[in-house]
Amino acid sequence: MIDLRSDTVTRPTAEMRRAMYEAEVGDDVYGEDPTVNRLQEMAAEMMGKEDALLVVSGTMGNQTAVLTHTRPGTEVILEQDSHIFYYEAAAASVFAGVQLRPLKGHRGALSAEQVEEAIREDDIHLPPTALICLENTHNRAGGTVIPLKTMQAVYEVALKHNLPLHLDGARIFNAAIALGVKASELAACATTVQFCLSKGLGAPIGSILVGPRAWIAEARRWRKRLGGGMRQAGIIAAAGIVALTTMVDRLAEDHANARFLADGLAGMPGLEFDPSTVETNIVIFKPVSMSANALLEELKKRGVLGVIMEPDRVRFTTNKDITRSDLEKVLTALHDILR
Ligand SMILES: *Cc1c(COP(=O)(O)O)cnc(C)c1O
């Protein structure tokens, strides 16, 4: 199967498996796992933040961030197609008891002006704004990149209003590579950042939260409350270290492959597709001659997997386990189906 459903389907590399096998471990709830500590130091340094925390998943990282930044009855400003709003099963309402204030972005990006307009006045009728969230790259918008200038402008608004800004940087390295900047330059536009080790970077499990030291200490308590205090987590962290040291730069290959796919889709009949939305490793298009579900069924018969992006679009995500010749086969299959 040519599996383009996500970059989460990537298998750990041989080097990761070896590092996991050989990992030096301890009890991380006591702060005694040397491999976890090494990963957290490395992650904090790469992002230019004081401290870092290994969490089980991106969702746990984002929710730990919301819990640590807010209290019940406050409001969080975010983009209406963001992962925190769309794909986390209302966790922010369930656990943090916050109200989410979704705003419509342009290709996933919120402007500084619209964020500032949404910040609440001090009025007894209104929930106090407690947090602003951004997502870069933006998943549902198609892996689109928020430019550094936009990030900086929103962060300035946050600072002016004394509000924290959390960046859902599940794919922050994809964003950094596409922009030609360091991930730390993007992280510098946020109070805290979550990023995934288990997507394009290929690690089997894990995400990282980075931020100020005292904030991470509080986040550690929330992680424990959520059941995310792990013991010999060095087994996981060892793969994370390999991910950060060997898998970041090669994400450029995934971008080039997504571009190749986009160029192939561009002229195809029976599709609605804007190739300019393809900036990183995600390609989203809408079939017009058949439903997205029917197209995915036909593709599956030909050995190709993608996912539905509701309401009626198809998403392909390139990743380290996908080659150029795989993508040639995908384009041939599509030609065959849509002809
Ligand atoms: C995948 C993803 C997450 C969540 O990560 P999980 O590890 O699947 O929980 C969060 N935000 C974005 C933008 C994502 O793409």
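The values are calculated or read from the model by the stated rules, or taken from the named source; none is laboratory data. Here the structure is a predicted model, which means the values were calculated and not measured. Here the Cβ positions follow ideal geometry from the backbone for every residue, glycine too, while neighbour counts run over all protein chains shown.
Residue by residue through region 152-182, note down the ones that are within 15 Å of the ligand (Cβ to nearest atom), of a type in the set (A, V, I, L, M, F, W, C) and either over 22 Å from Thr318 (Cβ atoms) or crowded, with 23+ Cβ neighbours inside 10 Å (or both). Write out each step before concluding.
Just the residues of region 152-182 that are within 15 Å of the ligand (Cβ to nearest atom), to begin with: 166-176, 178.
Narrowing the set further to residues that are of a type in the set (A, V, I, L, M, F, W, C) leaves 167, 170, 172-173, 175-176, 178.
Leu167, Ala170, Ile172, Phe173, Ala175, Ala176, listed by residue number.
If you scan region 229-260, which residues turn out to be more than 11 Å from Val55 (Cα to Cα), among the small types (Gly, Ala, Ser), within 16 Å of the ligand (Cβ to nearest atom) and touching a Ser or Thr at 6+ places or on another chain (Cβ under 7 Å)? Before you say what the answer is, go through the steps one by one.
Applying the first criterion (more than 11 Å from Val55 (Cα to Cα)) to region 229-260 yields 231-232, 234-235, 238-260.
Filter once more, so that each one left must be among the small types (Gly, Ala, Ser): 234, 238-240, 243, 252, 256, 258.
From what's left, within 16 Å of the ligand (Cβ to nearest atom): 239-240, 243, 258.
The one that is more than 11 Å from Val55 (Cα to Cα), among the small types (Gly, Ala, Ser), within 16 Å of the ligand (Cβ to nearest atom) and touching a Ser or Thr at 6+ places or on another chain (Cβ under 7 Å): Ala258.
Show me the helices (runs of 4 or more DSSP H) entirely contained within region 20-103 in which 1 or more residues are more than 16 Å from the ligand (Cβ to nearest atom) and surrounded by fewer than 21 Cβ atoms within 10 Å (Cβ to Cβ).
Hits in region 20-103: 34-47.
In region 212-231, what residues are in contact with a helix residue (DSSP H, G or I) (Cβ under 7 Å, 6 or more places away or on another chain) and more than 26 Å from Asn319 (Cβ to Cβ)? Explain how you work it out, then say what you get.
Going through region 212-231, the residues in contact with a helix residue (DSSP H, G or I) (Cβ under 7 Å, 6 or more places away or on another chain) turn out to be 215, 218-219, 222-223, 226, 228-231.
Residues satisfying the conditions are Trp215, Glu218, Ala219, Trp222, Arg223, Leu226, Gly229, Arg231.
Can you pull out every residue in region 285-304 that is out of contact with any helix residue (DSSP H, G or I) (no Cβ under 7 Å at 6 or more places or on another chain), of a type in the set (A, V, I, L, M) and touching a residue at least 12 places away in the same chain (Cβ under 8 Å)?
Val288, Met290, Ala292, Leu296 - these are the residues of region 285-304 that are out of contact with any helix residue (DSSP H, G or I) (no Cβ under 7 Å at 6 or more places or on another chain), of a type in the set (A, V, I, L, M) and touching a residue at least 12 places away in the same chain (Cβ under 8 Å).
Sort through Leu209, Leu197, Leu226 and tell me the only one that's in the same structural domain as Glu116 (by TED's automatic domain parsing) and either over 13 Å from Ala52 (Cβ atoms) or free of Cβ contacts under 8 Å to residues at least 24 places away in the same chain (or both).
Details: Leu209 fails: either over 13 Å from Ala52 (Cβ atoms) or free of Cβ contacts under 8 Å to residues at least 24 places away in the same chain (or both); Leu197 fails: either over 13 Å from Ala52 (Cβ atoms) or free of Cβ contacts under 8 Å to residues at least 24 places away in the same chain (or both).
Going through Leu209, Leu197, Leu226 in turn, the sole match is Leu226.
Residues in region 107-116: is at least one within 14 Å of the ligand (Cβ to nearest atom), among the acidic types (Asp, Glu), without any contact (Cβ under 8 Å) to a residue 40 or more places away in the chain and in the same structural domain as Gly143 (by TED's automatic domain parsing)?
Among the residues of region 107-116, not one is within 14 Å of the ligand (Cβ to nearest atom), among the acidic types (Asp, Glu), without any contact (Cβ under 8 Å) to a residue 40 or more places away in the chain and in the same structural domain as Gly143 (by TED's automatic domain parsing), which makes the answer no.
Looking at Leu244, Leu271, which is the one that is crowded, with 17+ Cβ neighbours inside 10 Å and farther than 28 Å from Gly202 by Cα?
From the options Leu244, Leu271, the qualifying one is Leu271.
Tell me, please, whether a residue that is within 16 Å of the ligand (Cβ to nearest atom), surrounded by 17 or more Cβ atoms within 10 Å (Cβ to Cβ), closer than 20 Å to Gly61 by Cα and of a type in the set (Gly, Ala, Ser) can be found in region 126-142.
As a first pass, look at region 126-142 and keep what is within 16 Å of the ligand (Cβ to nearest atom): 131-142.
Add one more test, that the residue is surrounded by 17 or more Cβ atoms within 10 Å (Cβ to Cβ), and what stays is 131-142.
Subset that is closer than 20 Å to Gly61 by Cα: 131-140.
So of that shortlist, the ones also of a type in the set (Gly, Ala, Ser) come out as none.
No: region 126-142 contains no residue that is within 16 Å of the ligand (Cβ to nearest atom), surrounded by 17 or more Cβ atoms within 10 Å (Cβ to Cβ), closer than 20 Å to Gly61 by Cα and of a type in the set (Gly, Ala, Ser).
Just checking, does region 32-52 include any residue being more than 23 Å from Arg231 (Cα to Cα), free of Cβ contacts under 8 Å to residues at least 60 places away in the same chain and within 23 Å of the chain's Cα centre (by Cα)?
yes
Tally time: how many residues in region 125-150 are out of contact with any strand residue (DSSP E or B) (no Cβ under 6 Å at 6 or more places or on another chain) and farther than 30 Å from Asp312 by Cα?
6
Quick check on my filter: what residues within region 296-321 are within 24 Å of Asn174 (Cα to Cα) and small (Gly, Ala, Ser)?
Answer for region 296-321, where residues must be within 24 Å of Asn174 (Cα to Cα) and small (Gly, Ala, Ser): just Gly306.
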